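Worksheet: one structure, shown below.
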Amino acid sequence: LKLDDGILHGEATAPKLENATLKAELGNAAWKVLHTMMAKFPDRPTEEDSDALKSYIHLFARLYPCGDCARHFQKLLKKFPPQVSSRSNAAAWACHVHNEVNKRLKKDVFDCSKIGEFYDCGCAEDEPGKSKDGFTKLELEKEG
């Protein structure tokens, strides 16, 4: 399944989410899913893995059930395209864009060098030779 640009980069589908409590709960849950997904992404992904994650991130932004949040995230994706060449790059990218959101919302930023510990799902050892601390030294790298 190859998704065309209109599907991946179309307008956000949801209206504005007025309920502040629901918006905050949704945001916390969404970040947990996104960061945990990055923690499970392969260290050496195939091209198909990388394409799948990149597509997921763009669709996540488009379909996010808070329209304003979705539009803000889509703008961030244009400024900071997803980095999907490795687990550490994906995790660093997600932490960086999360911190961009936190800055805009006047929240504390997270120390991205600790992201691997914070979102350790307890499942990093299910592949032989994989290190649980495989991304304790994260740096945002430019892809491509």
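Each reported figure results from applying straightforward, stated rules to the coordinates on display, with no laboratory input. All values reported here derive from a predicted model rather than from experimental measurement. Glycine gets a Cβ as well: all are built from the backbone with ideal geometry, and neighbour counts include every protein chain shown.
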- Could you list, in sequence order, all residues of region 63-75 that are without any contact (Cβ under 8 Å) to a residue 40 or more places away in the chain and surrounded by 17 or more Cβ atoms within 10 Å (Cβ to Cβ)? H72, F73
- Test each condition in (1) surrounded by fewer than 19 Cβ atoms within 10 Å (Cβ to Cβ); (2) farther than 27 Å from D108 by Cβ; (3) without any contact (Cβ under 8 Å) to a residue 40 or more places away in the chain for E25 and report the one that comes out false. (2)
- Message: Restricting to region 41-59, name every residue that is assigned to a helix (DSSP H, G or I) and without any contact (Cβ under 8 Å) to a residue 40 or more places away in the chain.
- Response: E47, E48, D49, S50, D51, A52, L53, K54, Y56, I57
- Message: When you check E11 against the structure, is it within 20 Å of the chain's Cα centre (by Cα), within 26 Å of C95 (Cβ to Cβ) and loosely packed, with under 15 Cβ neighbours inside 10 Å, yes or no?
- Response: no
- What are the residues in region 39-53 that are out of contact with any Ser or Thr (no Cβ under 9 Å at 6 or more places or on another chain) and buried (at least 18 other Cβ atoms within 10 Å of the Cβ), if any? A39, L53
- In region 76-88, anything within 14 Å of D49 (Cα to Cα) and either without any contact (Cβ under 8 Å) to a residue 24 or more places away in the chain or among the basic types (K, R) (or both) is listed as R87
- Within region 89-110, tally of residues that are among the polar types (S, T, N, Q) and in contact (Cβ under 8 Å) with a residue 12 or more places away in the chain: 2
